[in-house]
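Let me begin by presenting the structure, written as structure tokens, before commenting on it.
Readers should treat all values here as calculations from the given coordinates under stated rules, not as data from a laboratory. Keep in mind that this is a model prediction, so the values were computed, not measured. Positions of Cβ are backbone-derived with ideal geometry, glycine not excepted, and every protein chain shown enters the neighbour counts.
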Amino acid sequence: MKVLVTGGLGFIGSETVIALYKNGHEPVIVDNLSNSKIEVLDNIEKVSGKRPTFYKVDCCDYEGFKKVFEKEGKMDAVIHFAGLKAVGESTKKPVEYYTNNLLSSLVLVRLMKEFGMKNIIFSSSATVYGVPERVPLVETDPVGHATNPYGETKIMIERILQDAAKADSSLNVCLLRYFNPIGADPSGLLGEDPNGIPNNIMPYISQVAAGKLKTLHVFGNDYPTPDGTGVRDYIHVVDLAEGHVAALKKLATNPGVVIYNLGTGKGTSVFELIAAFEKATGIKIPYVIDPRRPGDVAENYANADKAFEELGWKAKLNVEDACRDSYRFQTTTASK
Ligand code: NAD
Ligand code: UFG
């Protein structure tokens, strides 16, 4: 399939481009480089041996984005990664988050209609479940109120796409709810390279290991979990990327709206993650215990059975693999 990949130079998008090539698809990337670097394109070429067509276009810019559709002709599907994703930042810049994430999605849906494109995969998040009443989370659990504007944009975009599919039975929508993506391409050339101090734990630990940061701050050791630290479902980005390829296959069967959790189904605590990182790299991670971070929940992990049953997809790599790959990316390619 010829697949439009918005946000294709980002962390998950770039790895998905690799997976698309591996599975015989042809990616076309649109990215405005707001949270990625053009060098990622060279690194995609180094890993896959192929250089994707790339457009530096903002998905909110209807005229600019329309030119991509005109130029590319028939495209079979779109994977919509483009968006702003920092939870903390979204509470400080809510209007920017609503504007960018909603407008880019609305412009995309309008162009899909104008150009007769029928298949979309959307990067959603476990954040749409809000504060979970119970874990593991299943797809039929209620979509609640997110604890931040970023999460609200995911809930709203899910709804917009579902309503669009209700009005047009030929539209196929796959909502993929990611849990906690970590890891990097095993080549060390593609991964997550956040600006400034990382918000998420994996890049933070990697930067401590590489000597860029001094000490990890563990946010709370008094949660009602086995060791008191927060439990999450960490999924290797290589597995996550494969999930998108499996979802494309599903869309080809005209399923209408389908929703899948993409997680491992296994919860890992902060202490367990630190131990896995130390085992995988042989580097000791110094840490201090800080108070809980506002908005964090004790436990969040997926029931990923539906993706296995309907897509034949499940995570194959473990957190140690992800720690090893994150650290390799940190020490070879990430900004020093
Ligand atoms: P990322 O920031 O690395 O990638 C997003 C890419 O989109 C960036 O390259 C950025 O430059 C681009 N972009 C942003 N706004 C754009 C616009 N208006 N037009 C064109 N390009 C634009 O983030 P990621 O971690 O790869 O996440 C990809 C998607 O997955 C996002 O939608 C994110 O919300 C979602 N998601 C991520 C996580 C996570 O923890 N990483 C979890 C759940 C869901
Ligand atoms: N944590 C620390 N120290 C840090 C960073 C995080 O102890 O420096 C802890 C958190 O308290 C939490 C766990 O590590 O228990 C994971 O935190 P992350 O920030 O890495 O991830 P979150 O689960 O908070 O957030 C992720 C995605 C969001 C998404 C959310 C809900 O980053 O995009 O899951 O699905 F919205």
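Consider Glu309 against the criteria (1) farther than 18 Å from Ile182 by Cβ; (2) in contact (Cβ under 8 Å) with a residue 60 or more places away in the chain: it satisfies all of them except one. Which criterion is unmet?
Against the list (1) farther than 18 Å from Ile182 by Cβ; (2) in contact (Cβ under 8 Å) with a residue 60 or more places away in the chain, Glu309 comes up short only on (2).
If you go through the range 162-218, how many residues are within 14 Å of ligand 1 (Cβ to nearest atom), closer than 25 Å to Val143 by Cβ, surrounded by fewer than 23 Cβ atoms within 10 Å (Cβ to Cβ) and among the charged types (D, E, K, R)?
Matching residues across the range 162-218 total 0.
Condition first: more than 18 Å from Glu320 (Cβ to Cβ), outside any loop (DSSP other than H, G, I, E, B) and within 18 Å of the chain's Cα centre (by Cα). Can you find one or more residues in the range 178-189 that meet it?
yes
Condition first: within 11 Å of ligand 2 (Cβ to nearest atom) and either surrounded by 20 or more Cβ atoms within 10 Å (Cβ to Cβ) or closer than 26 Å to Thr6 by Cα (or both). Now tell me which residues in the range 131-148 satisfy that. Walk me through how you get there before you give the answer.
Taking the range 131-148 first, the residues within 11 Å of ligand 2 (Cβ to nearest atom) are 131-132, 137, 146-148.
Across the range 131-148, the qualifying residues are Leu137, Ala146, Thr147, Asn148.
Counting just the residues of the range 98-129 that are under 17 Å from the mean Cα position of the chain (by Cα), within 16 Å of ligand 2 (Cβ to nearest atom) and outside any strand (DSSP E or B), which one comes out surrounded by the fewest Cβ atoms within 10 Å (Cβ to Cβ)?
Among residues in the range 98-129 that are under 17 Å from the mean Cα position of the chain (by Cα), within 16 Å of ligand 2 (Cβ to nearest atom) and outside any strand (DSSP E or B), the one surrounded by the fewest Cβ atoms within 10 Å (Cβ to Cβ) is Asn100.
In the range 153-174, is there at least one residue being within 13 Å of ligand 2 (Cβ to nearest atom) and not in a helix (DSSP H, G or I)?
no
Just checking, how many residues over the range 283-322 are part of a helix (DSSP H, G or I) and more than 16 Å from ligand 1 (Cβ to nearest atom)?
The total comes to 8.
Looking at the range 269-282, is at least one residue assigned to a loop (DSSP other than H, G, I, E, B) and away from ligand 2 (no atom under 15 Å from the Cβ)?
Within the range 269-282, the subset assigned to a loop (DSSP other than H, G, I, E, B) is 282.
Adding the requirement that they be away from ligand 2 (no atom under 15 Å from the Cβ) leaves 282.
Checking the range 269-282: at least one residue is assigned to a loop (DSSP other than H, G, I, E, B) and away from ligand 2 (no atom under 15 Å from the Cβ).
For residues that are within 10 Å of ligand 2 (Cβ to nearest atom) and of a type in the set (S, T, N, Q), tally how many sit in the range 289-317.
Here the count works out to 1.
Can you pull out the residues in the range 195-247 that are free of Cβ contacts under 8 Å to residues at least 60 places away in the same chain, outside any helix (DSSP H, G or I) and under 27 Å from Val131 (Cα atoms)?
Ile197, Pro198, Asn200, Pro226, Asp227, Gly228, Thr229
Within the range 219-247, take every residue that is surrounded by 17 or more Cβ atoms within 10 Å (Cβ to Cβ) and among the small types (Gly, Ala, Ser) and give me the one that is farthest from ligand 2 (Cβ to nearest atom).
Result: Ala246.
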